[in-house]
Each structure stands twice: as C-alpha cells, then as structure tokens.
Amino acid sequence: MSESGASPAKLRKLEAPEESSESRDYDPETQKALEEIDSCQNEIDQLNEKASEEILKVEQKYNKLRKPNFEKRSEIIQRIPNFWVTAFVNHPQISAILEEEEEECLHYLTKLDVEEFDDIKSGYRIKFYFDENPYFGNDVLTKEFHLGSTGDPASQSTDIKWKAGHNLVERFRQRMQQGEKSGSGRKRSLDVRSFFSWFSDHGDPSADEIAEVIKDDMFPNPLQYFLVPDIEVENGEGDDDEEDEIEDEEVDDSVVVVEEEIEEVDEEGVEEEEVPEEDGEAD
C-alpha cells in the first residue's frame with residue numbers, strides 16, 4: 001500500500017496462502033518482481049526435488065555396501081557374552097526405560113538389526129534376535145515404522161508370546177498402578193514406559209525417540225556403549241594415581257619441614273653452650 005493513502009489500481013496477484021483471507025494489491029514494479037521471484041523459487045524447488053532423488057540413490061547404494069560389514073560385525077558380536085544388554089544398559093536414553101527384569105531378559109538378546117525400506121523416507125524395521133529364554137517363545141521380535149507420504153505414520157510390532165507369569169509389560173503396568181495408589185509413583189509421568197511397553201506402543205510413530213536412538217545411534221556404533229565401563233575405570237584409575245602422587249608430595253613436604261625445625265633447634269643449642277665459654281675467656 002502507498003504511504004500517501006491513494007488507492008493503487010488492482011493488479012493480478014500471486015495466489016495467496018489458503019489461510020490468508022485478505023487480498024493484497026501491489027504496484028506494477030513490485031508485482032513483476034514477485035512473479036520473477038516465484039519463477040526462481042519454482043526452479044529451486046525442482047532442483048531440490050532432483051537432489052533428494054539423487055541423495056536417495058546414494059543412500060540406497062551405500063546401504064547395500066554397508067550390509068556385509070554389519071553382518072560380519074553381528075557374527076563377531078555373538079562371540080562376546082552379554083554384548084547387547086551391556087550396550088543398552090550403558091546407553092543413557094535406553095537405560096532410562098529399562099526395568100531390572102527387562103535387563104535380565106535382554107541377557108538373551110544375541111543380535112540387533114535395522115533394515116531401512118528401499119524408499120528410505122518411507123520407513124524402517126528394527127529386529128531383535130533372542131536365544132531360548134524363560135520370558136517368551138519368540139525367536140525374533142520386530143517393530144516396523146511406516147512413515148511414507150501416503151497416509152498417516154503408523155507402526156506395528158510382533159505379538160510377544162509371553163510365557164505364564166513372565167509378561168513383563170503387565171508386571172510393569174501393575175507396578176505403576178501400585179505406585180500411583182501408594183503415592184510413591186507421583187514423580188513418574190503418565191507417559192513413562194518400560195522397554196517392552198515401548199516395543200508394544202504405537203502412539204506416535206513419527207516421534208518415537210527410542211526407535212530413532214536405536215536406528216541412528218545404537219545400531220551404527222554399539223561398541224562405544226559396550227566399552228563405557230572400561231573407559232570409566234581407566235579414568236578412575238588415573239584419578240587415584242594423581243591423588244596418591246599429591247598425598248606423597250604432601251608427606252615429603254612435611255618431612256622436610258620437620259628436618260628443618262630439628263636443624264634449627266640443634267643450632268640454637270650449640271649457640272647456648274658456646275656462650276659460657278666466651279664469658280670464661282673474658283674473666
């Protein structure tokens with residue numbers, strides 16, 4: 001709009017967003033510039049779309065190249081007892097939802113695998129492989145996430161065949177209810193989940209932080225979390241050594257001070273004994 005208040009002639013305008021109910025009028029020069037910007041933006045959007053297609057092809061290519069390495073790594077990991085449960089317990093976000101009984105159950109976890117769909121943006125699946133265990137009869141538990149542009153995001157998971165008296169999801173639910181009744185659970189959010197209740201939950205697949213952590217952090221490099229205790233121990237030993245050295249230095253300093261005090265006392269004693277001899281010579 002012009003500052004003088006004169007009403008400019010109405011011109012053809014770019015389509016306004018649907019949420020905007022007000023129409024806008026521009027002078028011919030501004031309108032022309034806006035149309036040129038819109039044309040440039042269309043070209044940029046086309047390049048961005050093409051770039052996304054190229055990036056997708058590159059991701060698909062390297063997913064295939066990485067697969068043999070992941071398979072080789074899985075074979076090696078199976079030679080290390082309790083590798084995955086150790087990595088899970090050491091991960092700050094996963095351990096936050098890990099109940100004590102679930103930790104015991106995860107001692108039977110032998111392999112973790114993440115498979116992205118061919119159209120990477122459309123979703124992925126996480127697969128947990130278990131040895132025979134006292135908790136459930138499944139060999140593999142899978143949770144899939146469908147995040148494609150068609151339809152709402154959705155997820156689905158394997159129906160866990162819990163053995164009698166070992167349903168960890170039900171036990172967790174009962175503990176939460178008992179905590180709420182007794183008042184001890186006041187600090188716990190209603191959204192608090194255990195590991196297996198997360199596995200069975202399909203509330204908001206597009207914002208599943210645990211799934212994203214497993215896919216983008218845990219699975220790509222689990223070794224860093226398995227080695228956490230060793231790193232902490234090494235750091236702890238170093239700190240103890242430094243403290244010992246400091247204590248030794250303090251002890252050495254005190255010894256020196258004591259020795260200096262003894263020497264001063266001896267010198268004073270000698271001086272006091274020599275005084276009478278000098279007086280005798282004077283007489």
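Would you check if Glu18 is at pLDDT 90 or above and loosely packed, with under 14 Cβ neighbours inside 10 Å?
So Glu18 fails the test.
For the range 120-166: of the residues being under 25 Å from the mean Cα position of the chain (by Cα), among the hydrophobic types (A, V, I, L, M, F, W, C) and surrounded by 14 or more Cβ atoms within 10 Å (Cβ to Cβ), which is modelled with the lowest pLDDT?
Ile120
Could you tell me which numbered condition Glu71 fails, if it satisfies all but one of (1) under 19 Å from Phe219 (Cβ atoms); (2) surrounded by 17 or more Cβ atoms within 10 Å (Cβ to Cβ)?
Result: Glu71 fails condition (2) only.
Quick one: in the range 82-128, of everything that is polar (S, T, N, Q) and touching a residue at least 12 places away in the same chain (Cβ under 8 Å), which residue is farthest from Met218 (Cα to Cα)?
The selected residue is Ser122.
When only residues in the range 198-208 that are over 17 Å from Glu116 (Cβ atoms) and either touching a strand residue (DSSP E or B) at 6+ places or on another chain (Cβ under 6 Å) or modelled with pLDDT under 95 (or both) count, which is surrounded by the most Cβ atoms within 10 Å (Cβ to Cβ)?
So the residue we want is Phe199.
For Asn63, are the conditions met, namely being under 30 Å from Asp118 (Cβ atoms), loosely packed, with under 11 Cβ neighbours inside 10 Å, modelled with pLDDT of 90 or more and not aliphatic (A, V, I, L, M)?
Considered against the rule, which asks whether it is under 30 Å from Asp118 (Cβ atoms), loosely packed, with under 11 Cβ neighbours inside 10 Å, modelled with pLDDT of 90 or more and not aliphatic (A, V, I, L, M), Asn63 comes out as no.
Restricting attention to strands (runs of 3 or more DSSP E) lying wholly within the range 122-164, give those where 1 or more residues are of a type in the set (S, T, N, Q) and outside the structural domain of Gln60 (by TED's automatic domain parsing).
Of the strands (runs of 3 or more DSSP E) lying wholly inside the range 122-164, those with at least 1 residues that are of a type in the set (S, T, N, Q) and outside the structural domain of Gln60 (by TED's automatic domain parsing) span 140-146, 154-157.
List, please: which pairs have Cβ atoms under 7 Å, are six or more places apart or on different chains, and start with a residue in the range 142-167 that is closer than 17 Å to Phe128 by Cβ and free of Cβ contacts under 8 Å to residues at least 60 places away in the same chain and end with one that is assigned to a loop (DSSP other than H, G, I, E, B) and β-branched (Val, Ile, Thr)?
Sorted first by the residue in the range 142-167, then by its partner, the pairs are Thr142/Thr158.
Taking Pro220 as the residue in question, decide whether it is part of a loop (DSSP other than H, G, I, E, B), of a type outside the set (Val, Ile, Thr), farther than 30 Å from Asp119 by Cβ and modelled with pLDDT of 95 or more.
no
Failed condition for Glu180, given (1) at pLDDT 95 or above; (2) charged (D, E, K, R); (3) exposed (fewer than 14 other Cβ atoms within 10 Å of the Cβ), with all others met?
(1)
With (1) at pLDDT 95 or above; (2) assigned to a loop (DSSP other than H, G, I, E, B); (3) touching a helix residue (DSSP H, G or I) at 6+ places or on another chain (Cβ under 9 Å) as the list, and Lys13 as the residue in question, which single condition is left unmet?
If we test Lys13 against (1) at pLDDT 95 or above; (2) assigned to a loop (DSSP other than H, G, I, E, B); (3) touching a helix residue (DSSP H, G or I) at 6+ places or on another chain (Cβ under 9 Å), just (1) comes out false.
Can you pull out the residues in the range 77-96 that are part of a helix (DSSP H, G or I) and surrounded by 10 or more Cβ atoms within 10 Å (Cβ to Cβ)?
Ile77, Phe83, Trp84, Val85, Thr86, Ala87, Phe88, Val89, Asn90, Gln93, Ile94, Ser95
The values are calculated or read from the model by the stated rules, or taken from the named source; none is laboratory data. All values derive from a computational prediction rather than experimental measurement. When we count neighbours, we look across all protein chains shown, and the Cβ atoms used for this are built from the backbone with ideal geometry, even at glycine.
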